[in-house]
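Written below as C-alpha coordinates is the structure these notes are about.
The values are calculated or read from the model by the stated rules, or taken from the named source; none is laboratory data. Not measured: the values here are computed from a predicted model. Using ideal geometry, Cβ is built from the backbone for each residue, glycine included, and neighbour counts are taken over all protein chains shown. Calculation scope for accessible area: heavy atoms of the full protein, side chains included, ligands and nucleic acids excluded. Shrake-Rupley method; radii C 1.70, N 1.55, O 1.52, S 1.80 Å.
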Amino acid sequence: NAPSGFTQKQIPLGEYPYVNAETTQSGHTFVKDDTPGSEQVSTIHRTGTFTTMHPDGSQTNKIMGDGIEIIEKNKRVSIKGACQVVIHGDVNVTIKGSKTERIEGSLYQEIQGDYNQLVLGEYNVTSQSDIDICAGSTAGTIRIIAGNGIDLTGDLDVDGEVTAQQILSKGAVTAGTGIH
(Lines give C-alpha, C1' and ligand atoms only; values in the text may rest on other atoms or scores of the structure.)
Protein backbone atom coordinates (compact mmCIF):
# COMPACT_ATOMS: atom_id res chain seq x y z
CA ASN A 1 0.00 0.00 0.00
CA ALA A 2 1.12 3.51 -0.75
CA PRO A 3 1.46 5.94 2.15
CA SER A 4 -1.59 8.08 2.81
CA GLY A 5 -1.85 11.05 0.50
CA PHE A 6 -0.89 9.47 -2.82
CA THR A 7 -1.16 6.40 -5.01
CA GLN A 8 1.61 4.90 -7.12
CA LYS A 9 0.99 7.43 -9.92
CA GLN A 10 0.39 10.49 -7.72
CA ILE A 11 2.67 12.60 -5.59
CA PRO A 12 1.82 13.87 -2.11
CA LEU A 13 0.03 17.17 -2.29
CA GLY A 14 1.09 19.77 0.20
CA GLU A 15 0.37 23.47 0.14
CA TYR A 16 1.76 26.03 -2.28
CA PRO A 17 4.49 27.36 -2.07
CA TYR A 18 5.94 24.64 0.22
CA VAL A 19 6.00 21.74 -2.28
CA ASN A 20 8.86 21.30 -4.69
CA ALA A 21 8.20 18.40 -7.10
CA GLU A 22 10.24 17.37 -10.10
CA THR A 23 9.21 14.69 -12.59
CA THR A 24 11.62 13.35 -15.19
CA GLN A 25 10.73 12.56 -18.81
CA SER A 26 10.37 8.84 -18.06
CA GLY A 27 8.13 9.45 -15.04
CA HIS A 28 10.41 9.42 -11.98
CA THR A 29 9.25 11.91 -9.33
CA PHE A 30 11.13 13.64 -6.52
CA VAL A 31 9.04 15.52 -3.97
CA LYS A 32 10.20 17.83 -1.16
CA ASP A 33 7.23 18.98 0.88
CA ASP A 34 7.88 21.65 3.52
CA THR A 35 4.20 22.26 4.29
CA PRO A 36 4.15 23.03 8.07
CA GLY A 37 3.08 19.90 9.94
CA SER A 38 3.23 17.75 6.78
CA GLU A 39 6.93 17.89 5.93
CA GLN A 40 8.00 14.83 3.94
CA VAL A 41 10.37 13.70 1.21
CA SER A 42 9.48 11.15 -1.48
CA THR A 43 11.35 9.47 -4.29
CA ILE A 44 9.00 7.65 -6.68
CA HIS A 45 10.22 5.44 -9.53
CA ARG A 46 8.08 5.35 -12.70
CA THR A 47 7.16 1.68 -11.89
CA GLY A 48 5.63 2.64 -8.53
CA THR A 49 8.61 1.72 -6.34
CA PHE A 50 8.94 4.49 -3.76
CA THR A 51 10.59 5.71 -0.58
CA THR A 52 8.82 8.29 1.57
CA MET A 53 10.10 9.92 4.76
CA HIS A 54 7.02 11.06 6.71
CA PRO A 55 6.57 14.09 9.02
CA ASP A 56 6.88 11.95 12.18
CA GLY A 57 10.24 10.50 11.04
CA SER A 58 8.81 7.16 9.86
CA GLN A 59 9.87 5.84 6.50
CA THR A 60 7.93 3.75 3.99
CA ASN A 61 9.65 1.74 1.27
CA LYS A 62 7.82 -0.24 -1.39
CA ILE A 63 9.63 -2.23 -4.04
CA MET A 64 7.60 -3.30 -7.05
CA GLY A 65 10.28 -5.78 -8.22
CA ASP A 66 13.03 -7.74 -6.46
CA GLY A 67 14.81 -6.22 -3.45
CA ILE A 68 18.55 -6.85 -3.19
CA GLU A 69 20.88 -5.56 -0.47
CA ILE A 70 24.65 -6.09 -0.62
CA ILE A 71 26.78 -5.09 2.35
CA GLU A 72 30.56 -5.43 2.00
CA LYS A 73 31.25 -5.11 5.74
CA ASN A 74 29.18 -5.39 8.92
CA LYS A 75 25.52 -4.55 9.56
CA ARG A 76 23.70 -4.00 12.83
CA VAL A 77 19.95 -3.75 13.28
CA SER A 78 18.34 -2.33 16.43
CA ILE A 79 14.57 -2.25 16.76
CA LYS A 80 13.30 -0.62 19.95
CA GLY A 81 9.70 -1.69 19.37
CA ALA A 82 8.03 -4.86 18.12
CA CYS A 83 8.97 -6.48 14.80
CA GLN A 84 6.66 -8.46 12.56
CA VAL A 85 7.84 -10.29 9.44
CA VAL A 86 5.40 -12.03 7.08
CA ILE A 87 6.86 -13.98 4.17
CA HIS A 88 4.46 -15.24 1.52
CA GLY A 89 6.82 -17.90 0.16
CA ASP A 90 9.75 -20.12 1.08
CA VAL A 91 12.78 -18.94 3.08
CA ASN A 92 16.33 -20.23 2.66
CA VAL A 93 19.07 -18.95 4.97
CA THR A 94 22.72 -19.97 4.68
CA ILE A 95 25.09 -19.00 7.49
CA LYS A 96 28.75 -19.55 6.64
CA GLY A 97 29.82 -19.31 10.26
CA SER A 98 28.28 -19.96 13.67
CA LYS A 99 24.91 -18.68 14.87
CA THR A 100 24.07 -17.62 18.41
CA GLU A 101 20.59 -16.58 19.52
CA ARG A 102 19.87 -15.17 22.97
CA ILE A 103 16.20 -14.99 23.86
CA GLU A 104 15.52 -13.19 27.13
CA GLY A 105 11.88 -14.22 27.13
CA SER A 106 10.18 -17.43 25.98
CA LEU A 107 10.26 -19.12 22.58
CA TYR A 108 7.14 -20.59 21.02
CA GLN A 109 7.12 -22.25 17.61
CA GLU A 110 4.04 -23.52 15.82
CA ILE A 111 4.82 -25.70 12.82
CA GLN A 112 1.79 -26.76 10.81
CA GLY A 113 3.76 -29.30 8.77
CA ASP A 114 6.61 -31.68 9.63
CA TYR A 115 9.70 -30.72 11.63
CA ASN A 116 13.01 -32.27 10.60
CA GLN A 117 16.56 -31.59 11.77
CA LEU A 118 19.83 -33.04 10.51
CA VAL A 119 22.83 -32.49 12.78
CA LEU A 120 26.16 -33.71 11.39
CA GLY A 121 27.96 -33.16 14.70
CA GLU A 122 26.88 -33.67 18.31
CA TYR A 123 23.41 -32.63 19.43
CA ASN A 124 23.14 -31.42 23.03
CA VAL A 125 20.08 -30.25 24.94
CA THR A 126 20.48 -28.89 28.46
CA SER A 127 17.63 -27.72 30.66
CA GLN A 128 17.80 -26.22 34.14
CA SER A 129 14.39 -27.79 34.79
CA ASP A 130 12.17 -30.58 33.42
CA ILE A 131 12.00 -31.64 29.77
CA ASP A 132 8.65 -32.92 28.52
CA ILE A 133 8.22 -34.68 25.18
CA CYS A 134 4.67 -35.48 24.14
CA ALA A 135 3.71 -37.49 21.05
CA GLY A 136 0.06 -36.65 20.47
CA SER A 137 -2.49 -35.96 23.17
CA THR A 138 -4.35 -39.28 22.78
CA ALA A 139 -2.14 -41.41 20.52
CA GLY A 140 1.43 -41.19 19.38
CA THR A 141 4.72 -43.03 19.63
CA ILE A 142 8.16 -41.77 20.52
CA ARG A 143 10.87 -43.79 18.79
CA ILE A 144 14.52 -43.49 19.80
CA ILE A 145 16.89 -45.19 17.40
CA ALA A 146 20.53 -45.33 18.47
CA GLY A 147 23.27 -47.20 16.63
CA ASN A 148 25.37 -47.77 19.76
CA GLY A 149 22.66 -48.03 22.43
CA ILE A 150 21.18 -45.58 24.87
CA ASP A 151 22.99 -44.61 28.07
CA LEU A 152 20.64 -43.45 30.80
CA THR A 153 22.05 -41.83 33.91
CA GLY A 154 19.48 -41.53 36.67
CA ASP A 155 16.22 -43.25 37.44
CA LEU A 156 13.79 -44.50 34.82
CA ASP A 157 10.14 -44.32 35.81
CA VAL A 158 7.72 -45.97 33.41
CA ASP A 159 3.97 -45.53 33.72
CA GLY A 160 2.94 -48.20 31.24
CA GLU A 161 4.52 -51.24 29.63
CA VAL A 162 8.16 -51.97 28.85
CA THR A 163 8.84 -54.33 25.96
CA ALA A 164 12.43 -55.38 25.34
CA GLN A 165 14.53 -58.24 24.02
CA GLN A 166 16.77 -57.90 27.07
CA ILE A 167 17.02 -55.51 30.02
CA LEU A 168 20.42 -55.13 31.66
CA SER A 169 21.06 -53.10 34.77
CA LYS A 170 24.22 -52.41 36.77
CA GLY A 171 21.97 -51.96 39.81
CA ALA A 172 18.64 -53.30 40.98
CA VAL A 173 15.50 -53.47 38.86
CA THR A 174 12.41 -53.03 41.02
CA ALA A 175 9.13 -54.07 39.49
CA GLY A 176 5.63 -54.87 40.60
CA THR A 177 3.65 -58.00 39.89
CA GLY A 178 3.31 -59.52 36.46
CA ILE A 179 7.04 -59.66 35.61
CA HIS A 180 7.82 -62.38 33.05
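Applying the criteria of a DSSP loop state and at most 11 other Cβ atoms within 10 Å to the trypsin sites (Lys or Arg not before Pro) of the stretch 48-138 yields LYS73, LYS75, ARG76, LYS80, LYS96, LYS99, ARG102.
Dipole orientation for the stretch 60-115: of the candidates ASN74, THR94, ASN61, ASN74 has the Cα lying most toward the positive pole (charges on Cβ; Lys, Arg +1; Asp, Glu -1). Bridgeable lysines around LYS32 (alpha carbons under 20 Å apart, same-chain partners fewer than 8 residues away excluded): LYS9, LYS62. Choose one of GLY37, THR23, ALA164: the residue whose Cα lies farthest towards the positive end of the charge dipole of the chain (beta-carbon charges +1 Lys, Arg; -1 Asp, Glu; about the Cα centre). Positive-end residue among those listed: THR23. Taking THR35, THR49, THR153 in turn, the Gaussian network model of the chain (Cα-Cα springs below 10 Å) assigns the largest fluctuation to THR153.
Carbon and sulfur atoms: what percent of the 1.4 Å accessible area of the stretch 112-180 do they account for?
46 percent
Given that compact globular proteins tend to follow 2.2 N^0.38 Å, what is the ratio of the alpha-carbon Rg of the stretch 63-180 to that value? Write out the running numbers ahead of the final one.
Values: Rg = 23.0 Å, N = 118, 2.2 N^0.38 = 13.5 Å.
Cα-based Rg divided by the globular estimate yields 1.70.
Cross-link partners for LYS75 among the aspartates and glutamates, with Cα-Cα distance under 17 Å and sequence neighbours closer than 8 places in the same chain left out: GLU101. Straight-line cross-link reach from LYS80 at under 15 Å between alpha-carbon atoms covers these aspartates and glutamates, not counting any fewer than eight positions away in the same chain: GLU104.
Taking every protein chain into account, the accessible area of the stretch 58-148 amounts to 114 square angstrom per residue (probe 1.4 Å).
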